[in-house]
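The values are calculated or read from the model by the stated rules, or taken from the named source; none is laboratory data. None of these values were measured; they are calculated from a predicted model. Heads up, the Cβs are rebuilt from the backbone with ideal geometry, glycines too, and the neighbour counts pull from every protein chain shown. The accessibility values were calculated without ligands, DNA or RNA, using every heavy atom of the protein model including side chains. Shrake-Rupley method; radii C 1.70, N 1.55, O 1.52, S 1.80 Å.
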Amino acid sequence: MASHPVVARHGPRTPSFVFAFLNLVPLILLSSLAASSSLLAADVGGIVTNAQGGEPLAKIQVTLLGISAAKVTGPDGKFHFSELPPGSYVLQVSGLGYRSSKVSFQLASENDAREFSIALVPENFRLSDRVEVTGEVFEPKDWPAVGEFTLTSSELRQTSTVLADDPFRSLQTLPGVSPSGNNDFLAQFSVMGAPYSQVGVYVDDVLVPNVLHTVADAPDAPNLSLFTGNDVEDIRLLPAAYPVRYADGIGAALAIRTRTGSDEPLHFHGSAGLAYSEILGEGRLSHKGTWLVDARKSYIGYLVNAVSSTRFSQDGFYDADMKLTYHLTPAQTFSFLLTGGRLSIDDPSLPPTSPPTELRKGINDLAIGRLGWRWTPSSHLVLDVYGAYVSTRFEEENATAQLIGKSRDFEWSGGTNFSWNWRPRAILQAGYSLRRPQQAIASDSFTTGQPPVLFSVQFSDIRQDAYVQQSLQFWKDRLRLQGGLRWGDLNTLTVQPFSGQSSVTLRVARNTQLEAGWGHYAQLPARGGVAVVNVNGGAGFALGNLPLSSSHFLFAVEQRLGERSRFRIEAFDRQNEDRADLYSVASVTSPPVLVQSSALLGRDYSRGVQFVLQRRSENRLSGWIGYTLTFAKSRTYQVPLPPPFSSVGLDQPYEPTLEDQRHTVNIFGSYRLTASVRLSAKASYGSGFPVIEPLFALPLMRIGPYERIDLRADKSWSLRRGRISLYGEILNTTNHDNPRFFTFVLNPPPAAPTVLTNPGLPVTPTVGLSFDF
């Protein structure tokens, strides 16, 4: 019997994927509910940037006050808080070196969200409404110049030592810049072979002959600039081929821009440490202006006494300044700057029987006042008008309180600067200044057994300067041309010199540019006139003052290594001439008779090459490495005179000048480790400056090499209503011996002169504490 398979009959069969989907439905619903609940939770986020350049800031602490929630911004400067309940909040943003920012806001419901863009302002920075040419990271906004180096407010704070808090010490860390004679205690500096005496210093566009506290007739005494790192917004150093706007000196130009008070509620800053004390206050003035008041006392004199045991007890350096701004209208702003200070010294151990010309007490007073008006009728036009007063006073006494000597240099000045952005990427600037320099000198002449005889003299001159300069950019900003002309006049001078400058910048590739610059400059003397320098049988000859002149040449190649790094190679050459008019004089009372006009008395040059690697960033390593090779030499000429005179001067070949330091290395690096900790280091090397110019058959003698490494660490603690910062620094960490030249003693030939030195700065730990509230 045959068998058949049995087939079971059922209803329609359900596919297996349907059962899987039904099992997933609860999970999908739960996930949707969770997602919708997260969408309903309040979120707060945003980005933090640097107000000075717009760079996103990493490692910045962002805190929601009241609930103790804190975040740290990432590499992109962003932060985010999630699942916040409705309510009122205060967002506090803080980082070392920046002013804390607070933002109050409310979350109305669970589905509310807020996004913030917060720009942090460096502690010593102010915003500017000047005409902008470029916002590039390595160039200033108003007038970029070939070869210049700008110290931003942040860099000023990091490079200025805890010991002095002096912007001029910051300048000494720049490539090609060294303390004069490699003397740690001097604020003066040389710039690629140019002496400090040939550097024109401008404070808010006012030429200031002296901004340094110093001691007359005490060249080894320390000095300090009139400003602190909190007084200055930025500093521009223009070493060669600089614009004619800053062409009062033939060596280099230094433009200092003081900062205004912050446009915010009352803010105080105080510093106390081993080296100086400072108190600063600033804030809003009637919703139309700002105010800033700062005072400092420095103790650097006590350190010098501890190191070198000088006979003077220095009472310290006292400074104070005030700056007010007031916006009369949105287009008109008035500003007032007043700053001054005093340095005083004393030698209480000097006996009354000491020589009457030996110094016991001395004072140095400095003062600068400036009243300015700025009119900005449009974003393309700016007019500045100012009046200023500048004064320097010295006074010295002997052990019996008799006057040894005193002097006062002061001047009133006024001027205007005009900027017109008359077409895209084209800016025209022009200016005029009128100055009235005056000088009063008095001294006692001492004769044994006789009362002192007072001699005094006063001078007064009138000086005028005018300039015009133009900047043009072509070919989609690949080509920039600049040029200018300047005229100067001193009423006691027989000539009215002209200065000129031109430069070209060409971007030959996306990250490569070439620069070339030329300039011819004239540095007017302190005053004109004719001085009798020799008498022979009732007759004599005289020298008539003329300006020093200089021609500058510069060529550079700059390669960008990303947005915030660059490598630069620069060749420079300065060629200076010293000329004078020669006169014959029949007698002291006879009028001088011109014998030779513009006789060449001497020439000198400073030339070389410089290599700079720089990175400017607030997130990672920032700083520079600079090496400068310099040759600085001078020679003098002999000028024949008619009988009965012989000749003027000596015919000497080219020999190194006192600024001839062959090799200079400057290194600075700074790194923000966390939101509240920053580490920085500075290193300097100099192969040695000459200490005796090899004239009159004296041999060339140098002191060197100079080596110094400084290490610094900053730590801050943010409080609800302020911040506390601790600064620690070790100067000359390797304790290298860097002697300071004092004098030399001539020995009988053929022995070389004996050079006398004072000790330099030893390894010196310093610490300071500051408060912001």
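A few points about this structure:
- Overall dimensions of the stretch 337-449, expressed as equivalent-ellipsoid semi-axes from the Cα gyration tensor (√(5λ), whole Å, largest first), are 48, 13, 9.
- Using a cutoff of 8 angstrom between alpha carbon atoms and counting only pairs six or more residues apart, the relative contact order for the stretch 558-648 works out to 26 percent.
- In the chain, the longest principal axis of the Cα atoms and the axis of helix 16-40 are about 40 degrees apart.
- Chain lengthening between Leu698 and Thr494 when straightened (0.36 nm per residue, less Cα-Cα): 69.8 nm
- Ordering of 459-465, 80-86 by burial proxy (mean other Cβ atoms within 10 Å per residue, highest first): 459-465, 80-86
- In the set (1) 230; (2) 259; (3) 214, the label that goes with volume of the Cα convex hull per residue in Å³ computed for this structure is (2).
- Spatial separation of Cα centroids for the stretch 718-733 and the stretch 543-618, in angstrom: 42 Å
- Net length available on complete extension from Gln402 to Ser587 is 63.1 nm, with 0.36 nm assigned per residue and the Cα-Cα distance removed.
- Pairwise inverse Cα distances across the stretch 439-532, averaged and inverted, put the Kirkwood hydrodynamic radius at 17.9 Å.
- Relative contact order computed over the chain (Cα-Cα under 8 Å; 6+ residues apart), in percent: 10 percent
- Toward the positive end of the charge dipole of the chain, with +1 on the Cβ of Lys and Arg and -1 on the Cβ of Asp and Glu, the farthest Cα among Val201, Ser670, Leu454 is that of Ser670.
- Packing-based ranking of 495-506, 513-524 yields 513-524, 495-506, ordered from highest to lowest mean Cβ neighbour count within 10 Å.
- Given charges at beta-carbon only (K, R positive; D, E negative), |dipole| of the chain in Debye: 2320 debye
- Percentage relative contact order, the stretch 206-282, counting C-alpha pairs under 8 Å, at least six apart: 19 percent
- For Ile724 and Thr329, the difference between the fully extended length at 0.36 nm per residue and the C-alpha to C-alpha distance is 138.5 nm.
- Ordering 185-197, 287-299 by mean Cβ neighbour count within 10 Å, with the highest value first, yields 185-197, 287-299.
- Per residue, in Å², the accessible surface of the stretch 474-558 once ligands and nucleic acids are set aside, probe 1.4 Å: 48 Å²
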